[in-house]
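The block underneath contains the structure these notes are about, expressed in structure tokens.
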Amino acid sequence: MSASGGTKAIVAALAANLAIAVAKFVAFLFSGSSSMLAESVHSVADSGNQGLLLLGGKKAQREATPQHPFGYGRERYIYSFLVSIVLFSVGGMFALYEGYLKIKDPHEIEAWYWPVGVLVFAIIAESFSFRTAIKESNALRGKKSWKEFVRHAKAPELPVVLLEDLGALVGLVLALGGVGLALLTGDGVWDGIGTLCIGALLILIALVLAAETKSLLLGEAAGVDEVRKIEEAVVDGDTVTRLIHMRTLHLGPEELLVAAKVAVRHDDTAAQVAAAIDAAEQRIRTAVPIARVIYLEPDVYSDAAAAAGPDPAATPGGPGH
């Protein structure tokens with residue numbers, strides 16, 4: 001997986017979640033806290049999710065084949081979507097079910113120091129994981145807000161890890177609040193309420209991840225900056241005089257397909273047109289290195305056709321032929 005895939009953040013989150021899952025299960029066995037059980041399953045689900053992200057990154061590196069000529073870059077999107085399903089079902093729905101059972105049949109928390117101690121340890125460990133994810137994301141985020149980064153990032157791993165770590169930290173605080181209120185009041189219902197809150201939180205995060213990953217699976221165009229760079233690079237004003245229309249599509253986080261119709265001079269020879277197209281492709285790749293699959297169709301620009309309006313396939317970037 002490339003650096004932008006956030007491998008370091010995934011590995012940090014995986015190590016933290018494995019250690020936390022073991023600690024939470026031990027605390028649950030000694031205390032009987034439903035919040036601790038829900039958090040234990042949450043950490044196991046998160047560990048599995050990080051494993052899925054690493055597996056998706058590995059599979060995405062396979063070479064293109066005749067059956068899959070554009071490669072396997074979208075494997076990363078598929079496995080990220082699976083993460084949202086696991087988080088929804090194994091994490092969120094289980095927590096809701098466990099919280100319901102605890103509220104229906106509450107009981108006091110035993111050996112309170114186990115859940116409290118483990119939750120404090122987990123908050124510290126998750127904070128380090130979250131810090132790593134933030135640091136890795138800042139290298140790509142630029143001037144975008146965190147909301148914009150999560151919504152528009154083409155590499156899905158970092159947004160997934162960021163939301164998982166954020167959800168884990170908030171969930172731990174909710175679990176600590178539920179356990180604390182149950183201890184202070186002697187009423188185990190509070191432990192169940194804390195578990196329900198954890199479940200609702202995980203389901204919300206899972207739905208956000210599913211919506212964003214679905215958009216990537218359907219196929220997203222290049223970002224605004226990349227489109228602008230391609231538009232500037234394709235036209236040299238001499239051999240390629242105008243961009244008529246263009247389509248872009250992410251084949252994977254670091255692989256972009258560019259298809260465009262460009263205007264050349266009507267009196268150019270076939271050899272001159274071929275050389276112009278080759279030069280335009282090279283300029284595009286220099287300006288946007290992830291533009292690895294480029295199809296340029298030469299045409300002769302017509303003022304009459306432009307006056308008649310763009311053709312149905314044209315983008316707002318230029319009039320149709």
Original post:
Only one residue in LYS261, LYS229 is more than 18 Å from PRO156 (Cβ to Cβ), of a type in the set (Lys, Arg) and open to solvent by less than 60 Å² (accessible area, probe 1.4 Å). Which one?
Top reply: LYS261
Original post:
Among the residues of segment 150-173, is any open to solvent by 40 Å² or more (accessible area, probe 1.4 Å), within 30 Å of GLU281 (Cβ to Cβ) and out of contact with any strand residue (DSSP E or B) (no Cβ under 7 Å at 6 or more places or on another chain)?
Top reply: yes
Original post:
When residues of segment 206-225 are filtered for being in a helix (DSSP H, G or I) and surrounded by fewer than 20 Cβ atoms within 10 Å (Cβ to Cβ), how many remain?
Top reply: 10
Original post:
Considering only segment 1-51, how many residues are assigned to a helix (DSSP H, G or I), of a type in the set (Ser, Thr, Tyr) and farther than 19 Å from SER129 by Cα?
Top reply: 3
**OP:** Select from segment 66-89 the residues that are open to solvent by less than 60 Å² (accessible area, probe 1.4 Å) and farther than 17 Å from LEU257 by Cβ and write down the one among them that is nearest to the chain's Cα centre (by Cα).
**Re:** SER80
**OP:** May I ask you to list the residues in segment 289-318 that are modelled with pLDDT of 55 or more, under 30 Å from GLY71 (Cα atoms) and open to solvent by 40 Å² or more (accessible area, probe 1.4 Å)?
**Re:** PRO289, ILE290, ARG292, TYR295, GLU297, PRO298
Original post:
If only one of THR286, THR195, THR269, THR185 is touching a residue at least 40 places away in the same chain (Cβ under 8 Å), open to solvent by 40 Å² or more (accessible area, probe 1.4 Å) and polar (S, T, N, Q), which one is it?
Top reply: THR286
Original post:
Do you know which residues across segment 24-36 are out of contact with any Ser or Thr (no Cβ under 8 Å at 6 or more places or on another chain) and either modelled with pLDDT under 85 or crowded, with 22+ Cβ neighbours inside 10 Å (or both)?
Top reply: SER31, GLY32, SER33, MET36
Subject >> Selection from segment 70-101 of residues that are free of Cβ contacts under 8 Å to residues at least 60 places away in the same chain and among the small types (Gly, Ala, Ser) >> reply: SER89
Subject >> Test result for VAL120, in a helix (DSSP H, G or I) and closer than 23 Å to ILE85 by Cβ >> reply: no
Original post:
Can you name the residue in segment 228-269 that is closer than 13 Å to PRO298 by Cβ, assigned to a loop (DSSP other than H, G, I, E, B) and in contact with a strand residue (DSSP E or B) (Cβ under 9 Å, 6 or more places away or on another chain) and, of all such residues, is modelled with the highest pLDDT?
Top reply: VAL235
Original post:
If you check ALA60, ALA13, ALA111, which single one turns out to be in contact with a Ser or Thr (Cβ under 7 Å, 6 or more places away or on another chain), buried (at least 20 other Cβ atoms within 10 Å of the Cβ) and among the hydrophobic types (A, V, I, L, M, F, W, C)?
Top reply: ALA13
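The values are calculated or read from the model by the stated rules, or taken from the named source; none is laboratory data. Worth saying up front: this structure is predicted, and the values here are computed from it rather than measured. Here Cβ is always computed from backbone atoms with ideal geometry, including for glycine, and neighbour counts include all displayed protein chains. These accessible areas exclude ligands, DNA and RNA; they are computed on the full protein's heavy atoms, side chains included. Shrake-Rupley method; radii C 1.70, N 1.55, O 1.52, S 1.80 Å.
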